[in-house]
Amino acid sequence: MRVQLWMPHWPVKCVPDYSIGTVATVFTRVSIVIVTLSILCGTLLTFLLAPEEAQAIPAFARKYNTNCMDCHTAPPMLNAFGQRFLENGYQLPGVEDGGSTGKKKFGDLNLDDVSEYVGFRLVGNAVSSWGFNKQNPAGADAGVVENKTEFTFPRNFVLFAGGTVAKNIGFMVELGHPVGEGGAEVERGFVTFNNLGSHNLAHLRVGKFDPNAFSSYATVRQQLSDVGESQKGGCPPFSPCAFNRVGLAPSAFATKFYGLYDRSGNYLSPFASSLYNSGHETGVDVHGRPFGDWFLYQVGVVNGANEHLGDSNKGKDVYGMVRFDYAKSNYFSASMSGFVYQGNSNAKVWTQEDVNWNRYGLSARATYQMVDVYAAYSVDKINKTPTGVAGLFDSTATGLTIGADTYVTSQTLVSLRYDNLDAGGMLAQRTSASFIGVQAKHFLRANVAIFARSDFNLRQSEGGDTAARNLRNAFFSGIDVIF
Amino acid sequence: MRIRILLAIGAGLAMLSIASFANAVKPEDNQATREKGKQIYDRACLLCHGADGKGDGPAGWFIGRYESPRPRDFAGGSYKFRSTPSGELPMDQDLFRTVTQGIPGNMPPYSGLSEEERWQVIAYIKSLNKAFKGGKPVALLLPNPPGPPSDAGIENGRKTYIKYGCQKCHGDNGYGDGKEALDGNLKDTYGLMISPGDLTERASLKNGSSAQALYRSIMTGLDGTPMPSYADTIGGNDKDVWDLVYYILSLSQERP
């Protein structure tokens, strides 16, 4: 069954218009090839001319006068040391000094010291090239679903401030600016109270945070990050709303259901990250390693309901996660995590009936020298199908993501990611999808990288106008700067 | 007058107590100390240096990837940062200094651990290497720097820099771009490519950037790297060593 790509009803704009078609520059296939070759040549030249030094200096590295790679396998993904640094509330593993190392007394502070707390990330695709099986299908926004190459940089600018304010008290604020959505928003902002009771027994986070920060495969740390989804503009509340292009976020983290709405009636994209993997929920959570390094627990309660701020429903969502680690020697580490996320009236169907939308998931990761392999599998389930959609709604959906990164030189990382989404929700709309993406990322410095990436739709043979099927392939080349 | 005397005595006592504090909290090197040290090591050091101290911790590969440095192999490897002659084990104070100050660009400073905890973890680290049971290392004599550098002294330091071939690795102007470096001939004992220090950037001097720290590096060398000890060559001529030190320090002064 094919998805309806359009709903010709009220022209009320109730969801953000992610379309960038109005500023797009359209090229012919020949020009795409020329641009692609130019990028490859430019990349090659940059490789040859780039300085060999790979010292990095983002905020935490500046503060501790060390290297980004102490904490990262390849930014933004963390290695075992970086994970423990994060868990310890931005204090070195095994230390409860409030990050006082490198700090000066108040009277000695100067502007340079601010850089130990403040950083930014600028990331985007300088060039995006889209290929579709069917151009401008009925219902899609004009000029979005067509083969073309666009200059799109930057896509996202994030200003962040973080660190410790006292012994065992840390904070993090991320002010993001997704260019496609306009404006700026606090993506995450929270305070941590660490080592409550005894060392590593309990760390508390309060605020707007990413619930899935500590599992084996964290939501907000992707080598092949979300490229931005384009959803049909002008969709009325509680009506199916087409999306022009998928954002290529990991399927294991995605909503997976067609026909779910937030409490304001905005259509929830089946391909956007949500629930435990939303990247930003407001609430409280606790994590710790009470029995040693091999075991980590996490429990939390958040507003849920896919609301960035506030809580319009009366219930709260709760979750729990356990993680088992092996990290001893031989440049090897491995972990496995399992979580349960229990929703409470956290979404609606088109009849405006509430549903309890839950997620259960597993993730695993193994790192050996230059190779990093990770995977996540999740099952989304709506326990009781609302009577208004009985017989029309599949209440179970699954998502699988498998990824691997490997350094082929000291500065070049090659990544591969496979995604499979077996969609649920409204039977008349749901469309499953499988994608595979490959990326080459060259770190000019540990904190400055250029990349070229291509994503392919493995189900293109099934055809169809839906964005999940209609996308043939997508090519991106851009830069990722973290200072 | 009496108040001044009392203040002077008080200040002297305060300085004395601060100076002796590090050693005052140094616990006896026994089984209990090493066990406490192991607990600290497991949560603070293991992730880079590995469970057995071989420098192969789960996070240890990424700092240089295919290039140097890798975390120190406490069990069998040589020690870079010493005040002892080349090929010797480090003094306890050398290990304490490295743990406390870290290594710029590679290892964060662990001054967040209490001094007692740092001594405990050092006792454990030493237990990983049998050589520490063999004898007590003896430090080279590190004299205090002479008076302020003169232009003539710095010029002599420049000549000494050339005379002893420092430019082959560190480059004519100290940027770490000498011919040996550019040709890729510099490797550490693991066979990994290694870059010479950029002498114009004090923060990149891993064994410290004070005049005395530079003197120490020249005299002891950095074992396990291509940086040799010059104790047997220039060591007999203290004036040339200090002139070389001041010349190196002059390279990192702000330039117009």
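One residue stands out in the range B:126-145 among those that are touching a helix residue (DSSP H, G or I) at 6+ places or on another chain (Cβ under 6 Å) and not small (Gly, Ala, Ser): the one that is modelled with the highest pLDDT, namely B:126. Quick check on the range A:369-379. Is at least one of its residues among the polar types (S, T, N, Q), out of contact with any Asp or Glu (no Cβ under 9 Å at 6 or more places or on another chain) and closer than 21 Å to residue A:337 by Cβ? Scanning the range A:369-379 turns up at least one residue that is among the polar types (S, T, N, Q), out of contact with any Asp or Glu (no Cβ under 9 Å at 6 or more places or on another chain) and closer than 21 Å to residue A:337 by Cβ. Under the condition of being over 16 Å from residue A:382 (Cα atoms), away from every other protein chain (no Cβ under 14 Å) and polar (S, T, N, Q), the residues counted in the range A:322-345 number 1. Of the residues making up the range A:397-406, none is hydrophobic (A, V, I, L, M, F, W, C), within 14 Å of chain B (Cβ to nearest Cβ) and either in contact with a His (Cβ under 9 Å, 6 or more places away or on another chain) or over 16 Å from residue A:259 (Cα atoms) (or both). Taking the range B:17-125 as the region of interest, the helices (runs of 4 or more DSSP H) fully inside it that hold 1 or more residues being modelled with pLDDT of 95 or more, crowded, with 18+ Cβ neighbours inside 10 Å and facing another protein chain (nearest Cβ under 9 Å) are B:31-44, B:46-49.
Scanning the range A:346-369 for residues that are more than 18 Å from residue A:220 (Cα to Cα) and within 14 Å of chain B (Cβ to nearest Cβ) returns A:366, A:367, A:368, A:369.
Restricting attention to the range A:316-340, the residues that are farther than 26 Å from residue A:357 by Cα and touching a Leu at 6+ places or on another chain (Cβ under 9 Å) total 7.
Let's see how each residue does on (1) within 21 Å of residue A:265 (Cβ to Cβ); (2) more than 20 Å from the chain's Cα centre (by Cα); (3) in a loop (DSSP other than H, G, I, E, B):
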{"residue": "A:318", "(1), (2), (3)": "no, yes, no"}
{"residue": "A:325", "(1), (2), (3)": "no, yes, no"}
{"residue": "A:329", "(1), (2), (3)": "no, yes, yes"}
{"residue": "A:337", "(1), (2), (3)": "no, no, no"}
{"residue": "A:345", "(1), (2), (3)": "yes, yes, yes"}
{"residue": "A:360", "(1), (2), (3)": "no, no, no"}
{"residue": "A:364", "(1), (2), (3)": "no, no, no"}
{"residue": "A:375", "(1), (2), (3)": "no, no, no"}
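Of the set (1) of a type outside the set (S, T, N, Q); (2) over 29 Å from residue A:73 (Cα atoms); (3) not in a loop (DSSP other than H, G, I, E, B), all apply to residue A:171 but (2). The residue list A:406, A:401, A:387 contains one member that is β-branched (Val, Ile, Thr) and under 18 Å from the mean Cα position of the chain (by Cα), which is A:401.
For the range A:275-297, indicate whether the set of residues that are hydroxyl-bearing (Ser, Thr, Tyr), in contact (Cβ under 8 Å) with a residue 40 or more places away in the chain and assigned to a loop (DSSP other than H, G, I, E, B) is non-empty. Checked the range A:275-297: at least one residue is hydroxyl-bearing (Ser, Thr, Tyr), in contact (Cβ under 8 Å) with a residue 40 or more places away in the chain and assigned to a loop (DSSP other than H, G, I, E, B).
For the range A:60-79, filtering for residues that are within 8 Å of another protein chain (Cβ to nearest Cβ) and at pLDDT below 90 leaves 4. Restricting attention to the range A:319-363, the residues that are of a type outside the set (Ser, Thr, Tyr) and closer than 21 Å to residue A:290 by Cα add up to 13. Summed over the range A:263-321, residues that are among the aromatic types (Phe, Trp, Tyr) and either within 26 Å of residue A:433 (Cβ to Cβ) or crowded, with 23+ Cβ neighbours inside 10 Å (or both) total 4. Of the candidates A:91, A:55, the single residue that is at negative phi, in a loop (DSSP other than H, G, I, E, B), within 13 Å of another protein chain (Cβ to nearest Cβ) and at pLDDT 90 or above is A:91. For residue A:372, the conditions (1) in contact with a helix residue (DSSP H, G or I) (Cβ under 9 Å, 6 or more places away or on another chain); (2) surrounded by 23 or more Cβ atoms within 10 Å (Cβ to Cβ); (3) within 14 Å of another protein chain (Cβ to nearest Cβ) are fulfilled apart from (1). Among all residues of the range B:230-244, there is none that is more than 18 Å from residue B:165 (Cα to Cα) and assigned to a loop (DSSP other than H, G, I, E, B).
All conditions but one from (1) more than 17 Å from residue B:222 (Cα to Cα); (2) part of a loop (DSSP other than H, G, I, E, B); (3) modelled with pLDDT of 95 or more; (4) not basic (Lys, Arg) apply to residue B:148; the one that does not is (3).
For the range A:410-430, the set of residues classified as within 14 Å of chain B (Cβ to nearest Cβ) and either modelled with pLDDT under 95 or closer than 22 Å to residue A:460 by Cβ (or both) consists of A:410, A:411, listed by residue number.
One line per residue, one yes/no per condition, for (1) touching a residue at least 12 places away in the same chain (Cβ under 8 Å); (2) among the β-branched types (Val, Ile, Thr); (3) closer than 18 Å to residue A:374 by Cβ; (4) not in a strand (DSSP E or B):
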position: A:391; (1), (2), (3), (4): no, no, no, yes
position: A:399; (1), (2), (3), (4): yes, no, yes, no
position: A:403; (1), (2), (3), (4): yes, no, yes, no
position: A:406; (1), (2), (3), (4): yes, yes, yes, no
position: A:410; (1), (2), (3), (4): yes, no, no, yes
position: A:414; (1), (2), (3), (4): yes, yes, yes, no
position: A:418; (1), (2), (3), (4): yes, no, yes, no
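If you check residue A:131 against the conditions, is it at pLDDT 65 or above and either facing chain B (nearest Cβ under 9 Å) or in contact with a Ser or Thr (Cβ under 8 Å, 6 or more places away or on another chain) (or both)? In short, no.
The values are calculated or read from the model by the stated rules, or taken from the named source; none is laboratory data. Being a predicted model, the structure only gives us computed values, none of them experimental. So basically every Cβ, Gly included, is an ideal-geometry build from the backbone, and we count neighbours across all protein chains shown.
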